[in-house]
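Chemist: Below is a structure I'd like to ask you about.
The values are calculated or read from the model by the stated rules, or taken from the named source; none is laboratory data. Quick caveat: nothing in here was measured; it's all calculated off a predicted structure. A quick note on method: Cβ atoms are made from the backbone with ideal geometry, for glycine too, and the neighbour counts reach across all protein chains shown.
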Amino acid sequence: MTAAVVLRESKPAPGLRRLRRWRDMGGVAALISRSFPRGVDRGGRRMLAEMSALGRAGILGWLVAPLVVPSTAYSEGFVWEEAGSIIGNASLTEVEGCPGRFVLANVAVDPDYRRRGIGRALVESSMDLARKRGATLLLLQVEPDNRPAVHLYEAQGFQTLTKRTLWAFHPLPTASAPGWALETRPRLPTEWNEHWALAQRLHPEGLVWPHPLHPSIFRGAGGLGPFGVGGTAHWVWPAEGTPRGWVTARRTGERGGWRLVLLLEPEAHGRAERPLLRRALAELERRARRVVVELPAGVADSELTGQGFVAERTLAWMARDWRAAPHP
């Protein structure tokens, strides 16, 4: 989730305190719900509903939370409290399996309390805490047209890594269009190094938020097994000759959910998207309830809409990188 903050100056923070997870979960969920007028995505809505329910359960909810809500909901951070109500929040989470890599999320200030320096205080306190926890890289996502929030983060040293649009497709029980098998083929096991090298060249910032780029995405067999067996598959375009385009299908944590990773050499743009997407969707036709693909904003828009994908959101990935800076 992203931030909705408009700020002028940093002032003393009498309402600032550390997040108390079992006590604050319900209040934070209510704050996020009213702070983002455009709403949140389906995963965010599910998380907020779970947070609200667990918040009402008190300490029992705190004990159960790690089992049922994402780590972004069950995290460290800060809140701002006024008259017993939470009117500001910033959550801090270390990326599992990635020491030193942290995510700043759920930065929100109640609309009635903006322009008072609350958002800045929350962000600065979270950055200080991240450094104390050993952070070398702090990541966040924000809507790129939310200029006040972007300016706040830039003032704190964050830089934009990329802007990504998430596209979603819901398969229908219809026959696949013919011809896809003639233009594409399963990737050979020996071709995974080329696939990995292209990913490193095109997307050094990573492909799956908030994790770093890793070769495990690209290893494995070329196609899916029968009866839904297999959680990852790769196909290439063209079917003959040197591959110039690649698509990977990976299961997500959602039931019936699949994520596509589309990578193209520059000369393949405009030619490889359609056959690769058609191949992946045809292979997933009886396996998937929802298929998503995330691409740099403005890339392959017409090809995706032509295959039935709908754009759900565009977010900027931003990072504060301390790896080259001395620890204070």
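Chemist: Of everything in region 203-230 that's out of contact with any Phe, Trp or Tyr (no Cβ under 9 Å at 6 or more places or on another chain) and small (G, A, S), which residue is modelled with the lowest pLDDT?
Modeler: Looking at residues that are out of contact with any Phe, Trp or Tyr (no Cβ under 9 Å at 6 or more places or on another chain) and small (G, A, S), I get G228.
Chemist: Hey, any hits in region 97-105 for a residue that's surrounded by fewer than 21 Cβ atoms within 10 Å (Cβ to Cβ) and of a type in the set (A, V, I, L, M)?
Modeler: No: region 97-105 contains no residue that is surrounded by fewer than 21 Cβ atoms within 10 Å (Cβ to Cβ) and of a type in the set (A, V, I, L, M).
Chemist: Keeping to region 93-108, report how many residues are under 14 Å from R320 (Cα atoms) and among the small types (G, A, S).
Modeler: Residues flagged as under 14 Å from R320 (Cα atoms) and among the small types (G, A, S) within region 93-108 amount to 2.
Chemist: Given the condition under 15 Å from E183 (Cα atoms), in the same structural domain as P204 (by TED's automatic domain parsing) and surrounded by fewer than 19 Cβ atoms within 10 Å (Cβ to Cβ), answer yes or no: does some residue in region 242-264 qualify?
Modeler: Yes, some residue in region 242-264 is under 15 Å from E183 (Cα atoms), in the same structural domain as P204 (by TED's automatic domain parsing) and surrounded by fewer than 19 Cβ atoms within 10 Å (Cβ to Cβ).
Chemist: Which one of the conditions (1) surrounded by fewer than 19 Cβ atoms within 10 Å (Cβ to Cβ); (2) touching a His at 6+ places or on another chain (Cβ under 9 Å) does A324 fail to meet, given that it meets all the rest?
Modeler: (2) is the only condition that A324 fails.
Chemist: Could you list all residues from region 18-33 that are of a type in the set (A, V, I, L, M) and part of a helix (DSSP H, G or I)?
Modeler: M25, V28, A29, A30, L31, I32
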